[in-house]
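Everything on this sheet refers to the single structure shown next.
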């Protein structure tokens, strides 16, 4: 079922078949698809992303814009799984880890950034379109040191337009729909982001490996892909088996638009039940294994509890 099929069928169920209702139904269908997509780590959303780590401390990895979440990280081709830790936990149990070099055994998630590559150094950001008719606005939010800045830049077609502030870490770069592709460069004219005409922004997941590796190594990451936006009428969801639940939710939205709230709530309940069925199908109708994997997080050792091999430690004293 594609976008126009879902929107039209929902309108027919409710009895609202005019052009305005179908247009509104398509908006609901886009949003409901994203809700379904975000509700689980579906098999159809998982991808493997291979890259290499820089030999630097700190070691930050920025992922392509189509990566929504990091699921698992493997360090080196013959290496090991690197678990995720909360930064607050590491500050409590191993505060020096952020400055150490060595084999990484943890990673922390950092706030996403609005560029594919961070600027080479703090400086202005430069914007230019490949279409002379683009004169809209670009909203910029970012950091330079300990200061956060926000500003609006007015595009000038094929002419490069810089920001008035210097940025070290661009957090958000957002625009409206444009005629051409917008290219973002740093002060040294390195391309750090491109925004196609129909994309309003791109956010990039970012993690930090700790300790920082002393040499460049291969890294393999299991990721959850961002949902492909349903823009054209013929666009089809990448998730399998969701047609009925998708249609139920969109029909519920159209019923509420028609102020048929009790019927809308019934349809929402139906959609939730169908969604549970899709999850059950994914878990039970394919090859699936359930395992219990013990994990050692490294927070405590035997010495922490007993004070050494021959010492029971406080408050029990020596053996």
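The values are calculated or read from the model by the stated rules, or taken from the named source; none is laboratory data. Just so it is clear, the model here is predicted, and its values are computed rather than measured. A quick note on method: Cβ atoms are made from the backbone with ideal geometry, for glycine too, and the neighbour counts reach across all protein chains shown.
Of the residues 17, 71, which is free of Cβ contacts under 8 Å to residues at least 24 places away in the same chain and either in contact with a strand residue (DSSP E or B) (Cβ under 9 Å, 6 or more places away or on another chain) or not in a helix (DSSP H, G or I) (or both)?
Among 17, 71, only 17 is free of Cβ contacts under 8 Å to residues at least 24 places away in the same chain and either in contact with a strand residue (DSSP E or B) (Cβ under 9 Å, 6 or more places away or on another chain) or not in a helix (DSSP H, G or I) (or both).
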* **Residue among 79, 114, 102 that alone is touching a strand residue (DSSP E or B) at 6+ places or on another chain (Cβ under 9 Å) and modelled with pLDDT of 95 or more** => 114
* Structure fact -> Going through (1) closer than 18 Å to residue 203 by Cβ; (2) touching a helix residue (DSSP H, G or I) at 6+ places or on another chain (Cβ under 9 Å) one by one, residue 66 fails only at (2)
* residue 251 vs. criteria more than 22 Å from residue 61 (Cβ to Cβ) and assigned to a helix (DSSP H, G or I) -> yes
* How many residues, within region 52-78, are within 10 Å of residue 225 (Cα to Cα) and either more than 19 Å from the chain's Cα centre (by Cα) or buried (at least 17 other Cβ atoms within 10 Å of the Cβ) (or both)? -> 4
* **Hits in region 208-227 - residues which are surrounded by fewer than 21 Cβ atoms within 10 Å (Cβ to Cβ) and touching a strand residue (DSSP E or B) at 6+ places or on another chain (Cβ under 6 Å)** => 208, 211, 214, 216, 218, 220, 222, 224, 225, 226
* To do: Test residue 154 against the stated conditions and say whether it is in contact with a strand residue (DSSP E or B) (Cβ under 6 Å, 6 or more places away or on another chain), surrounded by fewer than 18 Cβ atoms within 10 Å (Cβ to Cβ), farther than 20 Å from residue 205 by Cα and free of Cβ contacts under 8 Å to residues at least 40 places away in the same chain.
  => yes
* Please enumerate the residues belonging to region 103-122 that are within 16 Å of residue 163 (Cβ to Cβ) and part of a loop (DSSP other than H, G, I, E, B). => 114, 115, 118, 119, 120, 121, 122
* **Members of region 134-143 found to be over 12 Å from residue 164 (Cβ atoms) and under 25 Å from the mean Cα position of the chain (by Cα), listed by number** => 137, 138, 139, 141, 142, 143
* Please state which one of 97, 108 is within 30 Å of residue 183 (Cα to Cα), in the same structural domain as residue 209 (by TED's automatic domain parsing), touching a helix residue (DSSP H, G or I) at 6+ places or on another chain (Cβ under 7 Å) and surrounded by 16 or more Cβ atoms within 10 Å (Cβ to Cβ). => 108
* May I ask you to say which residue of 195, 247, 222 is touching a residue at least 24 places away in the same chain (Cβ under 8 Å) and either within 18 Å of the chain's Cα centre (by Cα) or outside the structural domain of residue 279 (by TED's automatic domain parsing) (or both)? => 222
* Restrict the check to region 123-138 and report whether at least one residue is outside any loop (DSSP other than H, G, I, E, B) and without any contact (Cβ under 8 Å) to a residue 40 or more places away in the chain. => yes
* Asked: Which condition number does residue 48 fail, the rest of (1) exposed (fewer than 14 other Cβ atoms within 10 Å of the Cβ); (2) modelled with pLDDT under 95 being met?
  -> (2)
* To do: Kindly indicate which of 191, 184 is surrounded by fewer than 19 Cβ atoms within 10 Å (Cβ to Cβ) and touching a strand residue (DSSP E or B) at 6+ places or on another chain (Cβ under 7 Å).
  => 191
